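Data first, discussion second: the structure below is written as structure tokens.
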Amino acid sequence: MQNSTLRVSYLSLDYVFIGVNIVAVYFATRHFAAPIVKWSLWGFLSLFSIALLLEETAPVFEYIAYLASAGLVITHFLNIRQHRLSHVH
């Protein structure tokens, strides 16, 4: 009984985490992001979401989620850097 309750709470956190990431990517890409950055952020987010939801079906999805998460972080940093360089006063 406790194991299923524990899994439900983790699954709920997965949904919350995916929702937070959707909001972050939306706000990061809504105005000044280059097209390649937009496509990269949304692509990594999609891959991350699918892998996170399927991680119980095969162990490989856990590693895909880690790689997609790293891609999201790196692309966010590149977007911030590009934004700062193009908007220097």
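Residues are listed down the side, and each one gets a yes or a no for (1) buried (at least 16 other Cβ atoms within 10 Å of the Cβ); (2) in a helix (DSSP H, G or I); (3) in contact (Cβ under 8 Å) with a residue 60 or more places away in the chain:
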residue	(1), (2), (3)
PHE32	no, no, no
ALA51	yes, yes, no
TYR66	no, yes, no
PHE77	no, yes, no
ILE80	no, yes, no
Give the residue, chosen from SER40, SER9, SER46, that is in contact with a helix residue (DSSP H, G or I) (Cβ under 8 Å, 6 or more places away or on another chain) and either at pLDDT below 85 or part of a helix (DSSP H, G or I) (or both). SER40
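Okay, residues lined up against (1) hydrophobic (A, V, I, L, M, F, W, C); (2) over 26 Å from HIS87 (Cα atoms):
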residue	(1), (2)
TYR26	no, no
THR29	no, no
VAL37	yes, no
ALA51	yes, yes
LEU54	yes, yes
PRO59	no, yes
TYR66	no, yes
THR75	no, no
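The values are calculated or read from the model by the stated rules, or taken from the named source; none is laboratory data. Note that the structure is a prediction, hence the values are computed from the model and not measured. Counting neighbours? That spans all protein chains shown, and the Cβs are built from the backbone with ideal geometry, glycine included.
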